[in-house]
Amino acid sequence: MLCGISFIVFVVLIYVGIMVHDLRTLWSGVSFWGMLACLVLLLFFTVSEYSAQLASSGWIIGILVALFIAVVLCVLALPGFMVLMFCVEGIKVIRREGMKLSNLLSLLFAVLLYGYLVVWPRIRDLAEHTFGTVLYAIVSFAAVYVLILMSMYTFSALLNLFHLKKNRGADYIVVLGYGILGTRVPPLLAARIDKGIELLTCNQDAVMILSGGQGPGEDIPEGEAMAAYAVEKGVDKKRIRIESKSVSTEENLLFSRRVMEKERSKVILVTTAYHVFRALLLARRQGMKCVGYGAKTKWYFTLNALLREFAGYLKMTWKFHALVVGIAAGITIAVRLIALFL
């Protein structure tokens, strides 16, 4: 019991250490899941230790049984709920945002998840020969690995959106751009600027950097349109800096740093909620210390965009994850060959 509690405390301390040191890593989500698992183990050890005393209290046993049944039902219902949710929200995206490849992600994910849960297990019966069995095992591992990775990414993203206070004593508040319509700021970008203005009010010594270049269909750079919008909202021009050359999130961060006059500045990064974590990962790669705040957007759009962000994360880190899957494939093949020769 004592050893179990010591291990649990150790895992919790790791999670707290990551939270304090730097949340901008996938390990924040991994350690969070580990902490939850350890807390469940602690509950199990506690119940086992005092099972004799608990047995005499019928109402406590009833509560524990009810909680266990509720957890099991939630776990069993989760895959079906995810398929339904992504399917419904995917249809909403297509109906409201149009039939574009980027808008099909939610629906495609729902179809693939359904296929993996329902159709894929039946294919195993067809994989009778050695090659088929090995291929089935490798694809199964890759699918489970990506799903676990996605859940870790989602939890890490959520943890990086949670802040107890808005006053960070920031030197700069960087608002990342998004497409404009001619010279007009659309609602999604307006929500980012509004969030930046809110944080600017809480950080009296901060300067707001509005970052975004000029893309197709835009009459002026995004940074200039964002600045005009901020001034209309009552922001003092002296507290605004414009970065107008960037055409990607990486360049947003890189060029915004060149606008900053102070070294080792305290920076707040503002973008749409679903985009915050990947932006923070890119900032971390550039050695830029910052925290991220997210502007809200519609739920159906968030789900689709989160899948797009996860795809962007995989593109950033594909070499590492390809190596993991490759090692697993090599082990699977080696085990199968050893089994054949034995």
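For the reader, a short list of remarks on this structure follows.
- GLU89 sits among other residues whose Cβ lies under 15 Å from its own Cβ, and their net charge, with Lys and Arg +1 and Asp and Glu -1, is +4.
- Within the shell of other residues whose beta carbon sits under 13 angstrom from the beta carbon of VAL270, the net charge comes to +3, with Lys and Arg scored +1 and Asp and Glu -1.
- Gyration tensor verdict on the range 140-220 (Cα atoms; rounded if a/c is under 1.5, prolate if a/b is larger than b/c, oblate otherwise): oblate
- For the range 231-305, the fraction of alpha-carbon pairs in successive 10 Å shells from zero, as %: 16, 44, 33, 7
- In the list (i) 37, 21, 18; (ii) 42, 28, 21; (iii) 51, 22, 18, the label attached to semi-axes √(5λ) of the Cα gyration tensor in Å as derived from the coordinates here is (ii).
- When the surface is traced with a 1.4 Å probe over the full set of protein chains, ARG284 keeps roughly 110 Å² accessible.
- Solvent-accessible ranking of ASP205, ASP22, ASP194, ASP236, largest area first, probe 1.4 Å: ASP205, ASP236, ASP194, ASP22
- Listed peptides 240-247, 165-172, 312-319, 295-302 by packing density, highest first (mean Cβ within 10 Å): 240-247, 295-302, 165-172, 312-319
- Cα-based Kirkwood hydrodynamic radius, the range 194-253, one decimal, Å: 11.9 Å
- Solvent-accessible surface of the range 247-336, averaged per residue with a 1.4 angstrom probe and all protein chains in place: 54 square angstrom.
- Solvent-accessible area assigned to carbon and sulfur over the chain amounts to 69 percent, based on a 1.4 Å probe.
- Restricting the calculation to Cα atoms, every distinct pair contributes to the Kirkwood radius of the range 282-342, found to be 15.4 Å.
- Centroid-to-centroid, using Cα positions, the range 182-205 and the range 301-342 are 39 Å apart.
- Lys pairs, the range 183-342 - Cα-Cα below 14 angstrom, 8 or more residues apart or on other chains: 4
- Separation of the range 21-40 from the range 221-297 is 28 Å, based on Cα centroids.
The values are calculated or read from the model by the stated rules, or taken from the named source; none is laboratory data. Being a predicted model, the structure only gives us computed values, none of them experimental. Here the Cβ is made from the backbone with ideal geometry for all residues, glycine too, and neighbour counts use every protein chain on show. Accessible surface is based on the protein model in full, side chains and every heavy atom, while ligands, DNA and RNA are left aside. Shrake-Rupley method; radii C 1.70, N 1.55, O 1.52, S 1.80 Å.
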